Structures are given as structure tokens and as C-alpha cells.
Amino acid sequence: MNPIPSIQKSNRQLDRLAAQGSLYSAANRIQAVQIFLTVPVVIVFSLISLFIPGAKVYSACWALILLFLDVFLFEARQKALKNEAAKIQEQFDCEVLQLPWRDLRVGSRPDASVVSEFAAKYLV
């Protein structure tokens, strides 16, 4: 008999799937903030700059702030969340399909506290 259906329905595996989904959702929320801060706000600043020439300085400052936030905060956090979600998915796949964990390709296993933390966020 195939053990995969019973393994993948265990609470441990369901928590991993919940954590993975929660991590990807958090990364998507960061992307939504990025899009909001770049597209509509930049359009508004551009329109203001057309009518108020002195606002060009503020528009340029806002563009620089967005650039630094995007590169050093948003992208880094988004990448970390997606990487952790991928590791959790890999751990799920390895355990359910009884495959070996490949440290060289995937890295270290995800921390159990991260799985429980984000699984709890998914259930809320």
C-alpha cells in the first residue's frame, strides 16, 4: 500500500504547508507594498512636479528613498521569505516522498520554530 497519502495528511506536514503558504503570502504583501509605493506614488509626484516646479526636489528625494528601500529592505526580506518557504516545501517533499535532503543544493533544514510560527499565522 502507498504511504504517501497518509504521510502528507499528517499534522506535521499540514503545518509545513500552512507555513509555506504563509511565507509566500508575506512575500506577496511586501511586493504589493513595493508596487503601491512605486507606481501610484511616483505618478502622483510626477503630476505634482508638473504643476509645482519646486516639488521636483522632493520627487527626486522620494525616488532615492524608494530605491534604497527597495534594494536593501523590500527585496532582501522578500527573497528571505521565499527562500524559507522553498526550504519548507522541499522538506515536505523529501519527507512525504522519502527522498534524501541535499544540503549542498538546498542548504540547512528550516528551523522548526519558523514552521510553527508561520503555520500559526496561516491559521489566524
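Things to note:
- Looking only at residues of segment 7-29 that are small (G, A, S) and surrounded by fewer than 16 Cβ atoms within 10 Å (Cβ to Cβ), we find that the one that is farthest from K87 (Cα to Cα) is S10.
- Tally, over segment 31-51, of residues that are surrounded by fewer than 16 Cβ atoms within 10 Å (Cβ to Cβ), aliphatic (A, V, I, L, M) and touching a helix residue (DSSP H, G or I) at 6+ places or on another chain (Cβ under 9 Å): 4
- Odd one out for R12, checked against (1) of a type outside the set (V, I, T); (2) at pLDDT 90 or above; (3) part of a loop (DSSP other than H, G, I, E, B): (3)
Matching residues to (1) among the aliphatic types (A, V, I, L, M); (2) in contact (Cβ under 8 Å) with a residue 12 or more places away in the chain; (3) out of contact with any Cys (no Cβ under 6 Å at 6 or more places or on another chain):
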residue: I48; (1), (2), (3): yes, no, yes
residue: I88; (1), (2), (3): yes, yes, yes
residue: E95; (1), (2), (3): no, yes, yes
residue: G107; (1), (2), (3): no, yes, yes
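- Annotation: M1 fulfils all but one of (1) surrounded by 14 or more Cβ atoms within 10 Å (Cβ to Cβ); (2) closer than 30 Å to V96 by Cβ; (3) more than 28 Å from the chain's Cα centre (by Cα); the unmet one is (1).
The values are calculated or read from the model by the stated rules, or taken from the named source; none is laboratory data. Model, not experiment: these values are computed from the prediction. Using ideal geometry, Cβ is built from the backbone for each residue, glycine included, and neighbour counts are taken over all protein chains shown.
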